[in-house]
Amino acid sequence: MWSPLSKMEFDEISTRVRQEVSKRLDVALCRIGLPPGRNGLRRTFVLPGRFFFSANELSQRIRLLREYLPNEAKDIVAEANEICGHRFRLLGYRDLDYGAEIDWHLDAVHGLRSPLIPWFRINFLDFAEMGDHKITWELSRHQHLVTLAKAWLLTNDEAYAQEILSQWYSWQRANPYPLGVNWASSLEVAFRSLSWIWLLHLLAECPVVPSSFQNDLLRALALNGRHIERYLSTYFSPNTHLLGEAVALFHIGTLCPQISSAEDWKKIGWDIAQEEILRQVRPDGVYFEQSLYYHVYALDFFLHARLLASRNGLEVPPGFDLVTRKMLAVIQSLSQTGPPDSFGDDDGGRVFNPRRNRAEHLTDPLAIGAALFHDESLRASATLTEEAIWLFGESALNIIQQPNSRSKTKSQSFQDGGVYIAGSFEPFPQQMVIDAGPQGTGRSGHGHADALSITLSFCGRSWLVDRGTFCYIGPGGERNAFRGTRAHNTLAVDGLDQAKPEGPFAWSSIPDTQTDLWIPGTTFTLFAGSHSGYERLPEPVRHRRFAFQVNGSFWLVRDVAEGKSLHLLETSWHFAPDLEVFNRGNGFVATPAPGRSDGPQASNHLTLLPAGDPRWKSELLSEPVSPAYGAKLSAPVVRSSARVELPAEHAVLLIPAVGDVEKAGEFSRDERQQGDVGEPEAIYRYQDRHTTHGMIFRGAQKAVWSFGPWTSDARFLYFCVEDQRVDHVVFCEGSFAQLQGESLISHDATLQYLECVKREGQYQLACSDEVAARSFSGSVLGSEIVI
């Protein structure tokens, strides 16, 4: 009891005490017939604030939607018809039947119902008591009522408006304040408030909506705002919860001045949004929850708040826009080759349209950013969305619907967030994303045990993926299975996760992840990092991972387990569910599944080639991947494992290609005794037809090493030999290199990198130090060599 209190500041203690007293006072007031918020409206007329569109602009928005996004318009009507039948698409679930009379407290997936008791007495994380609270909450966000309103505008069918009224009043009767789980999260009250505000403006000219509905809705918003303000998640969950609550207060305060507390809520909401954008976003623009979905979630809130502020004449600090644009740049960088591959938790919800909850929808903010900031670089990556049409009207077309030219895929990094992108554009766009950041913030509630995990995409398709989230609570162990280490493309030790799960939203023994090397060159990218997750074991283990990309050729991923004694090592390679994987010679080949590709993508494939090592066994398995919260698909996974004495290592080659699947080359580790003086730590060789690729790793300690014709002190050296001549060499973190006794490069200080490649008969040089480059002797590369 006293230990948690001793860690709290006075403001936190006083806030929590005030909230506890207020909860119980609300219950007492309701019992004596004096419900809170009953006198929340002003008696005099006050001019409301400006929404994203006026009633006069509704017909224009509908025309644009029909003309430019006709499929989305048809889907709105189709979903509205399902809603009228009380069948709902919630999160990743479809066709959930809630019967003739909607039970607003039911988890229809698991058939469990939460009790109608004071909200603060409900343990919504107790699955046995109420099922999955997210399903119940999702329905009560009332975003589906917005769908009905849009369907009325598209069709003029009054049945949709009548259904809105029926369901809205049904919800009011079933959720008397302060009873039930739908009051248990201030964020859920915030989402519901935003939906009701959209209803006010979408139904502004609907003839079947009585004037009493607007007054009833405003009174309900007054109660919502009071609840949100009193129970802000300032200390409970100060992340997207607090942010969403602030944005809802800002919307209510700005757009509903009829409410007596509106001006206060407007200020509170906008102030918190400005504070949180600086606190919750890392300096490089990565959201601090270490989850791409939550990154987009937060960005949605920031963008809507930013646009509403500017439409209502509020000053927007330059720092607010700066951080927003950095967040947009993260999404843009992760989507260079197609839909971004997610990492961390997938919440399943969105601020505007909850159906936009798949990987291909995570770029939606780029359209808003392009229109809001008139940004040509964002426009080149954006596609027109329904949300952009509703928010901007014609100007969305002027900014987005212009001929665009995507920039070339390139390597980029966001070092505060630990996101590293190894990319190239020849012979086709391709990128690997490496997660080398912190596991999250605090106890990493929405982060996964995925240190040094990678995802891979090329030609507009995901190939190696994160398995997703699936659920937060459930009857089985799915939560930990999906967020655990073996669910990610990284190394697991002794079958354990890199951190210890402590309930559904916390971890302990959280690893420290560090980046040792990040060198994006002209023809290559090199990454090296490590983490401490397994140093908690009785026999500590440190995992080091190296990822080396030869642009337009392959990736090498090398895993090193430092330590001693016997351990089980496992590396997992999770493929996208729309791929088929089969054994081919000494490796595995992934191709698009029949019927799941079109056009030239049908010939794309990825070869995964483990280094030959009799101690390691690689097998092809099938495990579930979750593309959205609550959805599961079977997907292939290759898992390589060995029970070995440490130190030990293993490596794979990843070879993307277009065209017929051909026999892969030979990939092996040099078998000579390692650790001798003058020997590199590891040497890998890939023999492909007439080409030999060599990759030499020196080790952490700086020392001179020799291998075959090479002598150097480089931490890493790559060479490619064709027709017995070196036509490509990459030299990293060293001061000299000799080939067959002749100096290739020599400098009096350590160079970050030097690379030389032969193109059209000429050697092209790039170097991190222009002065050092002058000592490079390219003529040495012309001599015949024997490896």
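General remarks:
- Long-range amide H partners of residue 726 with built H, under 5 Å: none
- Net charge dipole, the chain: roughly 1740 debye, given to the nearest 20, about the Cα centre with Cβ charges of +1 for Lys and Arg and -1 for Asp and Glu.
- With eigenvalues of the C-alpha gyration tensor scaled by 5 and rooted, the chain, Å: 53, 28, 24
- Proximal lysines relative to residue 410, as straight alpha-carbon distance under 19 Å, when same-chain residues fewer than 8 apart are discounted: 326
- Gyration tensor analysis over the Cα atoms of the range 558-715 returns equivalent ellipsoid semi-axes of 33, 21, 13 Å (largest first, whole Å).
- The range 473-593, Cα convex hull volume normalised per residue, Å³: 162 Å³
- Debye log10 I(q)/I(0) for the range 524-587, one point scatterer per Cα, at q = 0.11, 0.23 Å⁻¹: -0.41, -1.05
- On Cα atoms only, tilt of 143-155 relative to the major axis of the chain in degrees: 80 degrees
- Test item: Cα-centred dipole of the range 676-787, Lys/Arg +1 and Asp/Glu -1 on Cβ, debye: 100 debye
- Distance histogram for the range 78-155 (every C-alpha pair counted, 10 angstrom bins, percent rounded to whole numbers): 18, 48, 25, 8, 1
- Within straight-line cross-link reach of residue 134, lysines at Cα separation under 20 Å, skipping those fewer than 8 residues along the same chain: 632
- Checking every one of the GluC sites (Glu not before Pro) in the range 460-567 against DSSP loop status and a limit of 16 other Cβ atoms within 10 Å picks out 502, 535.
- Here the 3J(HN,Hα) profile of the range 731-746, calculated from phi with Karplus coefficients 6.51, -1.76 and 1.60 at θ = phi - 60°, is 10, 10, 6, x, 10, 7, 8, 10, 10, 6, x, 9, 6, 8, 8, 8 Hz, Gly and Pro shown as x.
- Only Lys, Arg, Asp and Glu carry charge here, each on its Cβ (+1 for the first two, -1 for the last two); on that basis the range 313-437 has a dipole of about 280 debye about its Cα centre.
- Residue (of 333, 521, 768) at the positive-pole extreme of the chain, dipole from beta-carbon charges: 333
- Taking θ as phi - 60° and the Karplus parameters 6.51, -1.76 and 1.60, the scalar couplings of the range 289-296 work out to 6, 6, 9, 5, 4, 5, 4, 5 Hz in sequence order, x denoting glycine and proline.
- Rolling a 1.4 Å probe across the protein heavy atoms gives the chain an accessible surface of 39 Å² per residue.
- Taking amide hydrogens as placed 1.01 Å from N in the peptide plane, the amide H of residue 259 sits under 5 Å from those of 42, each at least 5 positions away in sequence or on another chain.
- When the Cα positions of 118, 142, 170 are compared along the charge dipole of the range 101-190, 118 comes out farthest toward the positive end, with charges on each C-beta of Lys, Arg, Asp and Glu.
- The range 480-551-the range 730-787 distance, computed between alpha-carbon centres (Å): 33 Å
- Taking the protein heavy atoms of the range 1-160 in the context of the full set of protein chains, the accessible area attributed to carbon and sulfur is 54 percent at 1.4 Å.
- Extents of the range 128-220, largest first, come to 44, 24, 19 Å (Cα atoms, principal axes, whole angstrom).
The values are calculated or read from the model by the stated rules, or taken from the named source; none is laboratory data. Keep in mind the model is a prediction, meaning the values are calculated, not measured. Here Cβ is always computed from backbone atoms with ideal geometry, including for glycine, and neighbour counts include all displayed protein chains. Keep in mind that these areas ignore ligands, DNA and RNA; they rest on the heavy atoms of the full protein, side chains included. Shrake-Rupley method; radii C 1.70, N 1.55, O 1.52, S 1.80 Å.
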